[in-house]
Amino acid sequence: MQRNWIGKSTGINIDYPVDNFDYTITCYTTRPDTNFGATFLVLGPEHSMLESHLDQIPNKAEVQAYIDENKNKTEIERLAEGRKKTGVFTGLHVTNPLNGKPLPVYVGDFVLGHVGTGAVIGVPGHDLRDFEFAQVFGIDIKRVVVSADGDTSEITKPEQVQEKEGKMINSDFLDGMEIMAAKESIMDHFEANGWGKRVTNYKLRDWIFTRQRYWGEPIPLVFDEAGTCYSLHESELPLLLPETANYEPSASGESPLAKIEDWVNVKGDIQSDGTVKISDKGAQIFRRETSTMPNWAGSSWYWLRFMDVNNDAAFCDIEKEKYWGPVDLYVGGAEHAVLHLLYARFWHKALYDLGLVSTKEPFKKLVNQGMIVSFAYQNKNGGLISIDEVEEKEGKYFIINTGEEVEKVTAKMSKSLKNVVNPDEIVQSFGADTLRCYEMFMGPFEQSKVWETTAVAGMRKFLDKIHRSYQDRMNKWSDETDENFKSTLHKTIKTVGDHIDDFKFNTALSQLMVCFNDWQKTDHISQSDAEKILIILSPYAPHLAEELWSQFGYTEGISYQPWPKYDEQYLIESSITYGIQVNGKLRGEISLSKDISKEDALSQARAVENVSKWVEEGNVVKEIYVPGKIIGFVVK
């Protein structure tokens with residue numbers, strides 16, 4: 001996502017000398033293989049040549065009028081799909097260095113002067129924008145690529161414009177080459193002749209740093225009366241916001257800080273290092289920068305401050321940063337990828353280049369949690385209907401006012417659809433632990449999950465079962481735990497611990513449910529083992545676990561307890577449960593020793609109720625035994 005956001009492209013800058021004019025126009029292209037098909041060149045209205053050499057352009061008046069006409073158009077307007085291409089001929093020509101042919105030079109608003117070199121070489125047979133421009137101005141369209149369909153006819157329709165695959169034709173020494181091979185060959189040719197140079201370009205949106213608002217970090221810069229900018233002396237840091245009762249913007253549109261005159265206008269002295277130190281006795285008058293930093297200024301380095309939060313001399317001591325950093329795991333939504341995470345990486349890499357941190361990257365690993373969605377309703381046209389406008393009748397759903405039948409679907413939570421879930425209401429009705437456990441139990445962490453409020457009650461019942469399980473035995477614990485339950489206990493300790501590390505919270509909770517189901521069938525549980533279960537439950541239901549922990553008489557919180565260790569001997573399965581099939585259908589189950597022989601396994605399986613009648617009444621023609629998996633009989 002970051003690669004796409006930044007927009008890396010590799011290509012070549014090609015120089016086109018202007019005929020009878022001491023100027024060379026450079027065009028960047030990622031498809032130099034098509035250059036034998038070039039028939040024109042277009043400059044963006046902002047191109048520097050139009051400003052610096054306007055008087056030497058033959059069609060000066062028309063060009064100036066066109067530039068003025070496009071000054072107030074937005075990029076969106078200029079690049080809108082389906083919009084008719086506009087432009088004006090400059091009266092100039094350039095020479096295509098490949099074949100010496102003259103190419104007319106136009107100004108066109110579909111070319112942005114600040115993107116690339118601000119000029120585009122027009123190859124209308126193999127670029128749709130160029131094709132549309134050529135059609136408007138009656139410019140030649142030449143085919144230099146033939147695709148798999150073998151069509152070499154004249155290009156007259158948009159669907160014939162071929163852009164990305166095929167072999168070269170009408171291209172001199174490139175003829176017969178595949179596009180990628182031709183691209184490399186022609187770039188070698190351009191560079192060898194001094195007509196062009198390979199380049200890598202990036203297109204990244206500007207990050208507007210300053211904000212005209214009160215809230216935000218003040219920017220530690222001041223300006224003298226001549227407008228020269230200075231950094232504040234280090235002793236002036238951190239620069240804090242001034243107290244004010246009025247946060248409204250000023251009438252001029254400046255930041256609210258601009259209205260606080262006694263903070264904005266200060267005296268000070270320029271120090272030997274070129275910074276300014278503020279003082280009531282200062283020899284010069286300075287004006288503070290009144291814009292503030294954006295919200296991502298602090299969020300782009302906060303993890304470093306967490307490593308050394310009480311340091312008054314630096315944002316983070318380098319030795320502490322080496323000890324704690326980089327961050328082992330970052331958990332967040334995928335939408336952070338091109339916003340916060342991009343800013344954070346940029347900021348961290350800048351600090352690394354300055355020698356202030358020891359790692360090139362701030363985070364070792366990223367995990368994106370899945371989105372929680374909710375039910376909504378969709379009509380036959382695909383429109384989503386608010387849940388309060390729909391009623392259920394005999395398992396079907398209808399719009400209350402019109403009676404139109406609709407389909408129940410899942411959709412992103414939205415206020416307009418009335419399918420938003422307020423966590424406060426869930427906490428009030430079911431408790432915070434229930435909400436916490438239900439969210440983790442809904443499904444795999446990284447997948448989207450559907451919220452069902454009716455299912456929350458089931459999680460509350462599970463937590464109630466845990467509470468009853470402890471209350472029923474509190475102060476009546478056994479000296480030893482039953483051996484069968486020890487196996488469940490140690491398997492649960494291992495599973496929950498491993499699955500927390502793997503973000504498999506839903507399966508960890510499933511194992512806890514198995515544990516408490518087996519608890520109900522167990523006569524003897526020691527207090528020590530009951531405490532171990534509480535500790536591994538506490539990350540999921542911390543309030544319940546803490547409450548029960550205190551009932552054991554402990555004053556130190558459960559979160560300070562070490563994670564229990566499991567005993568390997570209790571993880572060894574002594575028996576295996578087999579499904580027993582008769583003619584491919586499951587007819588029963590049996591638990592058998594792990595080391596049982598094939599003959600004994602088949603013999604015991606025959607005796608299982610609901611299996612015995614099939615094998616006794618019929619003729620067994622085949623016996624199936626797959627150790628550890630299945631037992632089967634084919635009966636006639």
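Couple of notes before you dig in:
- Filtered residues of segment 451-510 (kept if assigned to a loop (DSSP other than H, G, I, E, B), open to solvent by 60 Å² or more (accessible area, probe 1.4 Å) and in contact (Cβ under 8 Å) with a residue 60 or more places away in the chain): GLU452, LYS504
- Yes/no for THR117 being touching a Gly at 6+ places or on another chain (Cβ under 8 Å) and either over 27 Å from THR152 (Cα atoms) or open to solvent by 10 Å² or more (accessible area, probe 1.4 Å) (or both): no
- Residue in segment 483-500 that is among the aromatic types (Phe, Trp, Tyr) and more than 25 Å from TYR554 (Cβ to Cβ) present: no
- Considering (1) surrounded by 16 or more Cβ atoms within 10 Å (Cβ to Cβ); (2) part of a loop (DSSP other than H, G, I, E, B), the lone condition that ALA313 does not fulfil carries the number (1).
- Looking at segment 1-109, the strands (runs of 3 or more DSSP E) lying wholly inside it that each contain 1 or more residues that are open to solvent by 50 Å² or more (accessible area, probe 1.4 Å) sit at 8-17, 24-29, 87-95, 102-108.
- Flag for VAL327 being among the hydrophobic types (A, V, I, L, M, F, W, C), at pLDDT 95 or above and under 26 Å from the mean Cα position of the chain (by Cα): yes
- Taken over segment 388-410, residues that are closer than 22 Å to TRP451 by Cβ and open to solvent by less than 60 Å² (accessible area, probe 1.4 Å) amount to 5.
- Filter result for PHE137 (in contact (Cβ under 8 Å) with a residue 40 or more places away in the chain, of a type in the set (Phe, Trp, Tyr), open to solvent by 50 Å² or more (accessible area, probe 1.4 Å) and under 30 Å from GLU69 (Cα atoms)): yes
- The set of residues in segment 316-352 being free of Cβ contacts under 8 Å to residues at least 60 places away in the same chain, in a helix (DSSP H, G or I) and over 22 Å from ILE208 (Cα atoms) consists of ILE318, GLU319, LYS320, GLU321, LYS322, TYR323, TRP324, TYR352.
- Considering residues of segment 393-449 that are of a type in the set (A, V, I, L, M) and assigned to a strand (DSSP E or B) only, the residue nearest to ASN368 (Cα to Cα): ALA411
- Where a residue in segment 44-73 is of a type in the set (Val, Ile, Thr) and its partner, wherever it lies, is open to solvent by less than 80 Å² (accessible area, probe 1.4 Å) and assigned to a helix (DSSP H, G or I), with Cβ under 6 Å and at least six apart: ILE57/VAL63
The values are calculated or read from the model by the stated rules, or taken from the named source; none is laboratory data. Note that this is a predicted model, so its numbers are computed, not measured. Every residue, glycine among them, receives a Cβ derived from its backbone with ideal geometry; neighbour counts consider all protein chains shown. Note: areas computed on protein heavy atoms with side chains; ligands, DNA, RNA excluded. Shrake-Rupley method; radii C 1.70, N 1.55, O 1.52, S 1.80 Å.
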